[in-house]
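Notes to accompany the following structure.
Rule-based calculations on the coordinates, nothing more; no lab input. Small disclaimer: the values here were computed from a predicted structure and weren't measured. Every residue, glycine among them, receives a Cβ derived from its backbone with ideal geometry; neighbour counts consider all protein chains shown.
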Amino acid sequence: MRRNQVAVVGAAETTELGVIPNMSQIQLHADAALNAIADAGLKLSDIDGIATAVETPQQIAHYLGITPTWVDGTSVGGCSFMLHVRHAAAAIEAGLCKTVLITHAESGKSMIGKLPRSTPADSLNGQFEAPFGVYGPPSMFPIPVLRYMKTYGITHEQIAMVAVAQREWAAKNPRAMMKDPITVADVLNSRMIAYPFRLLQCCLVTDGGGALILTSADRAKDFPKKPVYILGTGESVETPMVSQMETFNSSRAFKVAGPTAFKEAGITHKDVDHLMIYDAFAHLPLFGLGDLGFMPHEETGKFIADGNTRPGGKLPLNTNGGGLSYMHSGMYGMYALQESVRQMRGIAPAQVKDAKISVCHGVGGMFAASGTIIFTNEK
Amino acid sequence: MAEPARARPKPTPETQHFWDGTQAGELRLQRCDACANVYFPPRPFCPSCASRKVSVFKASGKGKLYSYVINHRPAAPGFTPPYAIAVVELDEGPRMMSNIIDCPQTPEALELDMKLEVAFEKLDDKITLPLFRPAKG
Ligand SMILES: [Zn+2]
């Protein structure tokens, strides 16, 4: 894919984030979509491409009243929206559609109009993981952590610093769910969830949504908001079973998606002004820093513990507060993308001064899938 | 009302040999006849070279502790927290999820790379689960 040929021209989250008991899941999609359409100064009838995950594209298209000529229902977990951006950019470049709407929403807390997730007993997960007591992401996603720590000499305190640094970012963000400062001791004394992880190392559970609108860079300059260009993209999948990852020292999906995006963007790690790494749990930024090639895995824990990713640090990371402190409705990738777009527009609550390149890296399932989008505000 | 039971696996045509094996007190893996790759979970072809010529064999049942969590909450039906959810690296190469029995469910007792051996736990007349315990000697 060519650089900077497609741009984000509309971006918005749901009007409210957090606990939204007065809206069903599809209405949360619509709320985010209508906000994004207004942000772009468009009409619903201008949308000719639609992408969404968990909810089907037909559900959202019908509910909004859209007749698309291009559809993407890729649903690989929380990074689905990174993949949607990548696919939409390719589709727009190929002339399959002109203006794509990508929506996410989840009634993750209130559970209104949301199908429960289930694992069939005859699926591979149902046969070879469920019988051993896995029960939701907190019991599965941290399974690689102890091996990663042993291999690279990472400490509990270093991983706790992920939550501390992100809380500092969240304190600057009026829309963040959790804003009170925390210390490493607070993290390590919070309620045990699944050893080695405690409550403050696990993401929030909230309601909310977000939507993006993409169009060609040629058209993007006629929109009311500053265009945010797609500089590079990458995606991959590995396995739906965390126990079957190639190694717990790395994520293969990360190692494919991240470097693919960097290569496409034609940038080096020194060029990155702002970074989002989907943090469903506190170890993900460490895996991300290593697998995206910012540094060897041995150095990721120290890098964060030394304060390099906190406000004022040299690599601002998860500047909205992340899934640990901002919000997490179940598929957080959309909120990471929203924060990258805000940073590139120069309107983020914790704005990184003069940021020109933002890397946004997502995970789906328990390291099952990955998508990376690199944005820039300079064409 | 009966106590909630642990999730019960339901075999498919491709995995039946594995569950027949655990019932017979054997941990069965598959090996590719073409490239000698040993793999898990079961499937009737080699995920390394795509050959359909593969054989089922009885594994040693020995392995080591690759990684784990000790789950406190929420607990799965049929489990009393805290309980460890482990990934065992078998001597033959593949890894599988399991539980560690005959061992305190604590970070001190559960040491990474500790040697383990398979133990079979009968769930009902049709399903026996492969669990692991610290290896003797
Ligand atoms: Zn083979």
Length gained, B:K64-B:D113, 0.36 nm per residue minus C-alpha separation, equals 17.1 nm
What does the net charge come to around A:A185 if you take all other residues with beta carbon closer than 15 Å to its beta carbon, with K and R at +1 and D and E at -1? 0
Can you tell me the 0 to 90 degree angle between the C-alpha axis of helix A:25-40 and the longest principal axis of chain A, rounded to 10? 60 degrees
How do A:T233, A:T103 line up, fewest other C-beta atoms within 10 Å first? A:T233, A:T103
Just how large is the dipole of the stretch B:16-134 about the Cα centre, in debye to the nearest 20, putting +1 at every Lys and Arg Cβ and -1 at every Asp and Glu Cβ? 420 debye
Please compute the average number of Cβ atoms from other chains found within 10 Å of each residue's Cβ in peptide B:108-121. 1
Would you calculate a helix-derived [θ] at 222 nm for the protein assembly as shown, using -39,500 (n - 2.57) for each DSSP H run of n ≥ 4 and dividing by the full residue count, to the nearest 500? -7500 deg cm²/dmol
Run the simple label-point estimate for A:E378 and A:K353 please: 7 Å along Cα→C-beta, distance reported in nm. 1.7 nm
Rounded to the nearest 0.05, what FRET efficiency do A:K314 and B:T80 have when you use their Cβ-Cβ distance and R0 = 45 Å? 0.45
Could you give the spread of the C-alpha atoms of the stretch B:16-134 along their three principal axes, from largest to smallest, in whole angstroms? 43, 33, 24
dims of the stretch A:247-379, Cα set, principal axes, largest to smallest, nearest Å -> 39, 33, 28
Rough spin-label spacing in nm, given labels placed 7 Å along Cα→Cβ, for A:T268 and A:S216: 3.5 nm
Along each of its three principal axes, how wide is the spread of alpha-carbon positions in the stretch A:56-100, in whole angstrom units, largest first? 27, 25, 10
Net charge contributed by nearby residues that have their C-beta within less than 15 Å of A:Q158 (K/R +1, D/E -1): -1
Residue (of A:T247, A:I267, A:T319) at the positive-pole extreme of the protein assembly as shown, dipole from beta-carbon charges: A:I267
Fewest-first sequence of A:D279, A:D48 by Cβ atoms within 10 Å of each Cβ: A:D48, A:D279
Summing +1 per Lys or Arg and -1 per Asp or Glu among the other residues with Cβ less than 12 Å from B:N99's Cβ gives -1
Restricting to chain A, what percent of DSSP beta bridges are antiparallel, rounded to 5? 75 percent
Using only the Cα atoms of the protein assembly as shown, what are the Rg and Dmax in Å? 23.3, 75
Which of A:Y335, A:Y148 has the fewest Cβ neighbours within 10 Å, and the rest in rising order: A:Y148, A:Y335
If the chain between A:I112 and A:M295 were fully stretched, how many nm would it gain, using 0.36 nm times the residue separation less the Cα-Cα distance? 61.7 nm
Between A:C79, A:C97, A:C360, where does the largest GNM mean-square fluctuation fall for chain A, given springs only between Cα atoms within less than 10 Å? A:C97
For A:1-9, what's the mean count of beta carbons from other chains sitting within 10 Å of each residue's beta carbon? 0
